[in-house]
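Below: one structure, written as structure tokens.
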Amino acid sequence: MKANNSKLKAITLLVVCSLFSLSVSVQAASHSDAPLIKQDPQANITDVYAFIGTKYNDTNTKVLNVIVHVHPFSEPGDGIMYERFSDDALYSIHIANPTTGATVLRYDFRFSDINPLTTPGLKNQNTILSYGLGTEAGPIGSVGDNRQNYTQTYSVTRVVGSSSAAIGTGLSTPPPNVGIRTTPAYNDTTTGKAISGATTATELDSYTQQTVHQLSSGEVVFAGPREDGFYADTPGIFDLLHSRILDNNGNLSDGLGQDGSGVDGFKGFNVLAFAIQIPVSALTSFQYTAPFADLANPLPAVGTANGVGVYASVSRQRITLRRTNGEPVNSGPFIQVNRMGNPLFNEVLVALKDKDNYNRTSPTDDSSKFTTYAMNPEVASLINFVFGTSLVTSGRSDLNAVYIPDVIRVDTTTPAVRLAGQAGFSRFGFAGGDTTTDSGGRIKSGGWPNGRRLGDDVVDIALTAVASGPSYSSVVVVGDNVAANDQVYNQVFPYSATPHSGTNVDLRQSP
């Protein structure tokens, strides 16, 4: 999969330049995807990850991991309140038919009051401190102790068709990483920086260990603050090709040989995460056809797969009544306000007129409402219009097969895939030699678009596909010169990295 270097660098320039020619505001992967959800950060999904692994405490049990990040650009030091899940939102993980997008299984997460005045949610209402002072003062030793004044809890409901059952209630979330004096278990005692990169459950910080919940129904869940695991130099791209996305020789970097001089625009930020491990044995498997699913054949290597689709959504009740003498009152059915499956679709491909509409609809509507954006990617048209190139702008069945319906397709017959930090992992998936084999002996990518792992370089993978497809007779690798996340990921559930410390990360730079 080698390309002529001069051609590669030229096309890379065209692709990167074309991105800031777009009339949309792009903050990949899904950090600022549509006008309405931009105004509702607590409901704004930034990333969805879904991949095959093993249970956090039993390597003999194969599971589907789904991790959802919400609330982009969460400042670690944003006291006094810090970030909390909305108590009036419905956060959902959907297991779907990968061909139709129809939900076959859903897990709903509901969170407790963000402003309780009594225990157990709040121990002391006569202080400004949510953390470090409850009925006694000092560092938090364990989740919910007397020094953790505020503790948010949640419930999980399993929904199949019209039937629903609560499978977890009163589940605790860990505190935010306030800093080494208040939440010491997160941080290194010398540097004060968050410690991450656990390879076993016992290596996780004690707050996270205490809030990984094994449910009697077989699932494992977690919810709480985490580090934002997405990485890309979007600020440099949109500053008219800032020089920092060039390599040391003054040339644009290629995706496989970046020198890392780009700046991660998401560096130092946290998110809120909710996650689940579902035993694969409990899932219904669907046969589907996908690109890059039989890599023994020439690209796009269309082949058969067996597994599920995954996406996430956030909903709010139809009516909110604001009162002058109390908290708002919510009523009516839940209305979806945000959804996400694959990275980059609504952000980079869907036009402004349909961005809010996408967030309101279901993947079952994608083939009738949004196929045109996958089949006719505007980004390729802009490149050709501005620079006179001849990238294919229509009939992009390769992109359509990835994005329509917009669910992450996961072949559930493969063994556990490699994780970032493990030998053989590549952020480029199969393009970097990181593959896996399904039950039929077909070779598939270890990462996106066969599932999505933390650490998959979805920006480089997606832009490479736009520049190379649909024939892939010449693979043109496109990169943004950011080669890694700023924090190492954990290699055990909940996988997302330890949240940054509020007193150790300085996101305020001098003028």
Checking the structure you have, find out if any residue of the stretch 73-80 is outside any loop (DSSP other than H, G, I, E, B) and either surrounded by fewer than 22 Cβ atoms within 10 Å (Cβ to Cβ) or of a type in the set (V, I, T) (or both).
yes
Could you say whether any residue in the stretch 386-407 is small (G, A, S) and closer than 18 Å to D47 by Cα?
no
In the stretch 287-342, anything touching a residue at least 24 places away in the same chain (Cβ under 8 Å), charged (D, E, K, R) and part of a loop (DSSP other than H, G, I, E, B) is listed as D294, E327
What are the residue pairs meeting all of these: first residue in the stretch 203-230, first residue touching a residue at least 24 places away in the same chain (Cβ under 8 Å), second residue assigned to a helix (DSSP H, G or I) and polar (S, T, N, Q), Cβ atoms under 7 Å, and 6 or more apart or on different chains?
none
Hand me the list of strands (runs of 3 or more DSSP E) wholly inside the stretch 137-227 holding 1 or more residues that are at pLDDT below 95 and either surrounded by 15 or more Cβ atoms within 10 Å (Cβ to Cβ) or of a type in the set (A, V, I, L, M) (or both).
none
Here are V488, V492, V459, V477: which of them is under 18 Å from A401 (Cα atoms), among the hydrophobic types (A, V, I, L, M, F, W, C) and in contact (Cβ under 8 Å) with a residue 24 or more places away in the chain?
V459
Could you say whether any residue in the stretch 461-469 is buried (at least 24 other Cβ atoms within 10 Å of the Cβ), at positive phi and part of a helix (DSSP H, G or I)?
no
Result of the Cβ filter at 8 Å on the stretch 22-41, keeping first residues that are at pLDDT 90 or above and partners that are aromatic (F, W, Y) and not in a helix (DSSP H, G or I), at least 6 apart or interchain, is P41/F73
Residue match in the stretch 458-477 (condition: in contact with a strand residue (DSSP E or B) (Cβ under 9 Å, 6 or more places away or on another chain), within 26 Å of S285 (Cβ to Cβ) and at pLDDT 95 or above):
no
Restricting attention to the stretch 50-74, which residues are within 26 Å of V348 (Cβ to Cβ) and out of contact with any Gly (no Cβ under 8 Å at 6 or more places or on another chain)?
V66, I67, V68, V70, H71, P72, F73, S74
Answer yes if at least one residue in the stretch 228-250 is at pLDDT 95 or above and outside any loop (DSSP other than H, G, I, E, B), and no otherwise.
no
Mind checking whether some residue in the stretch 471-481 is surrounded by 20 or more Cβ atoms within 10 Å (Cβ to Cβ) and out of contact with any helix residue (DSSP H, G or I) (no Cβ under 7 Å at 6 or more places or on another chain)?
no
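The values are calculated or read from the model by the stated rules, or taken from the named source; none is laboratory data. These numbers come from a predicted model, not from an experiment. When we count neighbours, we look across all protein chains shown, and the Cβ atoms used for this are built from the backbone with ideal geometry, even at glycine.
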